[in-house]
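K.L.:
To start, I am sharing the structure in question, which I have written as structure tokens.
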Amino acid sequence: MKLRFWGVRGSLPCPGPRTVKYGGNSACLELRIDRLGKIIVIDAGTGIRELGNHLMKHDLPRGPLDIDLFLSHTHWDHIMGFPYFTPIYIPATRLRVYGPVSFEDDPLQDVVGGQMKYRYFPVNVGELASNIDYIRLREDPSIDLGSGVTLATKILNHPILALGYRFEFEGTVLCTCYDTEPFRNLFITDPDHPDYDEAMAYEGQVVAEEQNEAIEQFFAGADLLIHDAQYTEQEYAGKIGWGHSTYEQALAAAQRAGVKRLAFFHHDPDRTDDQIDALAAKYCQPGAYGSMEVFFAREGLEVDLCPR
């Protein structure tokens with residue numbers, strides 16, 4: 001299993017001279033299992049455009065493209081590259097699009113394809129030449145993807161339904177945990193507040209702790225965990241509830257879960273290369289977290305997931 005980052009930014013793309021090193025495209029990952037000829041894509045942010053060009057140049061000459069695309073959720077920064085993914089215009093392409101949807105009346109096809117209407121885009125989704133299937137996902141502890149590849153999904157803490165993914169093949173595990181922030185007690189906890197309810201405050205705390213523990217169990221022992229880390233602690237104080245984590249939150253959870261490698265992901269669009277370098281010097285010192293390796297994801301980075 002090998003992973004390549006094609007887009008690592010959160011919220012919106014931010015190309016320019018200050019983001020050259022880590023990249024300015026929004027979320028897109030490529031997971032390959034070469035022995036099976038399997039291509040898995042996670043998210044369709046603007047990074048998927050360059051991935052599509054790569055597939056056209058290096059894979060299409062060997063035969064029709066067969067791709068599984070998993071969407072963590074349907075916020076625009078995670079689907080906005082889909083209309084520019086060249087393989088969807090090729091008749092022989094077979095694409096399966098998996099993902100959650102937050103509104104029962106809107107099928108996944110309409111959510112993803114809704115941006116391909118003439119009012120927004122010159123090609124309608126119904127005019128695409130490729131063979132595309134849309135598969136709605138919910139939380140599920142075991143999904144058989146065939147040929148020994150399994151998938152587990154976990155609901156994360158985000159303003160709309162978002163799923164974490166745990167891909168496993170022959171004992172090697174890749175986990176994604178974005179967009180998310182730690183669950184918290186939503187009930188009033190101040191005993192002096194006029195609306196304070198002791199039982200509700202207690203239950204709210206129990207549920208939050210249970211959900212945070214469930215997410216850590218979800219990515220426990222992963223060979224690579226790609227975790228939301230958009231904010232510093234200072235930034236997060238003003239953005240609680242936006243559905244994104246801090247570096248400290250991601251580190252603590254990964255350490256408790258025995259993760260082997262942790263990739264900080266979903267970089268804030270205002271974060272420059274120099275600023276990320278400074279954060280890497282602070283958070284990514286070799287040996288600082290025992291045997292766990294910590295690094296900032298960047299476009300073009302390839303990671304061999306085989307156990308070391």
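The values are calculated or read from the model by the stated rules, or taken from the named source; none is laboratory data. Because the structure is predicted, anything quoted here is derived from the model rather than measured. We place every Cβ from the backbone using ideal geometry, glycine too, and count neighbours over all the protein chains shown. Surface accessibility is based on the protein's heavy atoms, side chains included, excluding ligands, DNA and RNA. Shrake-Rupley method; radii C 1.70, N 1.55, O 1.52, S 1.80 Å.
K.L.:
When the accessible area of the range 213-308 is computed with all protein chains present and a 1.4 Å probe, what percentage of it is carbon and sulfur?
P.N.:
Looking at the range 213-308 in its full context, I get 49 percent from C and S.
K.L.:
For a 24 Å ceiling on Cα separation, which of these pairs sit above it: Lys154/Lys282; Lys260/Lys282; Lys38/Lys117; Lys117/Lys154; Lys117/Lys239; Lys21/Lys154? Present the calculation step by step, with values, prior to reporting the outcome.
P.N.:
Numbers: Lys154/Lys282 30 Å; Lys260/Lys282 19 Å; Lys38/Lys117 31 Å; Lys117/Lys154 31 Å; Lys117/Lys239 33 Å; Lys21/Lys154 32 Å.
Pairs exceeding the cut-off: Lys154/Lys282; Lys38/Lys117; Lys117/Lys154; Lys117/Lys239; Lys21/Lys154.
K.L.:
Give me the percent relative contact order of the range 150-236, please, defined on Cα pairs under 8 angstrom at least 6 residues apart. Walk me through the numbers before you get to the answer.
P.N.:
On the way: 122 pairs, mean separation 24.8, N = 87.
Here the relative contact order equals 29 percent.
K.L.:
Shape of the chain from its Cα gyration tensor (a ≥ b ≥ c, root eigenvalues): rounded if a/c is under 1.5, otherwise prolate when a/b > b/c, or oblate?
P.N.:
On the way: a/c = 1.57, a/b = 1.37, b/c = 1.15.
Because a/c hits 1.5 or more and a/b exceeds b/c, the chain counts as prolate.
K.L.:
Over the chain, average the accessible area per residue using a 1.4 Å probe and give it in Å², no decimals.
P.N.:
On the way: 14180 Å² over 308 residues.
Result: 46 Å² per residue.
K.L.:
Further question on the same structure: Determine the relative contact order of the chain: mean sequence separation of Cα pairs under 8 Å and six or more apart, normalised by residue count, in whole percent.
P.N.:
Working: 688 pairs, mean separation 56.5, N = 308.
Answer for the chain is 18 percent.
K.L.:
Which values of log₁₀ I(q)/I(0), to two decimal places, follow from the Debye formula for the range 1-129 at q = 0.10, 0.16, 0.20 Å⁻¹ with a uniform point scatterer at every Cα?
P.N.:
These q points yield log10 I(q)/I(0) values of -0.31, -0.81, -1.22.
K.L.:
Quick one: net charge of Asn124's neighbours, Cβ under 15 Å, K/R +1, D/E -1? Could you put the intermediate results ahead of the total?
P.N.:
Details: positive: Lys117, Arg119; negative: Asp110, Glu127.
Net of charged neighbours comes to 0.
K.L.:
So, one more: Using the Cα centre of the chain as the reference point, and only Cβ charges (+1 on K/R, -1 on D/E), how large is the resulting charge dipole? Debye, rounded to the nearest 20. Provide the component values of the computation, followed by the final result.
P.N.:
Numbers: 28 positive and 45 negative charges, 334 e Å.
Using only the charged Cβ atoms, the result is roughly 1600 debye.
K.L.:
Using the Karplus curve 6.51 cos²θ - 1.76 cosθ + 1.60 with θ = phi - 60°, work out ³J(HN,Hα) for each residue of the range 281-291 in order, rounded to whole Hz, and write x for Gly and Pro.
P.N.:
4, 7, 9, 10, 5, x, x, 5, 10, x, 8
K.L.:
Kindly report, to the nearest 10 Å², the accessible surface of Lys57 as traced by a 1.4 Å probe over protein heavy atoms only.
P.N.:
Counting only protein heavy atoms, the figure is 150 Å².
K.L.:
Based on the alpha carbons, how large is the Rg to Rh ratio for the range 1-63 when Rh follows Kirkwood?
P.N.:
Working: Rg = 12.7 Å, Rh = 12.4 Å.
Rg/Rh for the range 1-63 comes to 1.03.
K.L.:
Next question, about the same structure. Evaluate the relative contact order of the range 99-155 (contact order divided by residue number), counting alpha-carbon pairs under 8 angstrom at least 6 apart; express in whole percent.
P.N.:
Answer for the range 99-155 is 28 percent.
K.L.:
Looking only at Met200, Met56, Met292, which one moves most when the chain is put into a Gaussian network model with springs between Cα atoms under 10 Å?
P.N.:
Taking springs between Cα atoms under 10 Å, the residue moving most is Met200.
K.L.:
What is the packing order of peptides 32-41, 165-174, taking the mean over residues of other C-beta atoms within 10 Å and listing the highest first?
P.N.:
Values: 32-41: 16.9, 165-174: 19.4.
In decreasing order of mean packing, 32-41, 165-174 become 165-174, 32-41.
K.L.:
Another one. Kindly report, to the nearest 10 Å², the accessible surface of His73 as traced by a 1.4 Å probe over protein heavy atoms only.
P.N.:
For His73, solvent-accessible area is about 0 Å².
K.L.:
How do Trp6, Trp76 rank by accessible surface area computed with a 1.4 Å probe, from largest to smallest?
P.N.:
Working: Trp6 25, Trp76 160 Å².
Order by accessible area, largest first: Trp76, Trp6.
K.L.:
Looking only at Pro15, Pro122, Pro141, which one moves most when the chain is put into a Gaussian network model with springs between Cα atoms under 10 Å?
P.N.:
Looking only at Pro15, Pro122, Pro141, the largest GNM fluctuation is found for Pro122.
K.L.:
Can you give the local net charge around Ala237? Use residues other than it whose beta-carbon is closer than 14 angstrom to its beta-carbon, Lys and Arg +1, Asp and Glu -1.
P.N.:
With Lys, Arg at +1 and Asp, Glu at -1, the net is -2.
K.L.:
In deg cm²/dmol and to the nearest 500, what is the mean residue ellipticity at 222 nm of the chain if only DSSP H runs of at least 4 residues count, each as -39500 (n - 2.57), divided by the residue total?
P.N.:
Numbers: 6 runs with 64 residues, N = 308.
Estimated from H runs of four or more residues: -6000 deg cm²/dmol.
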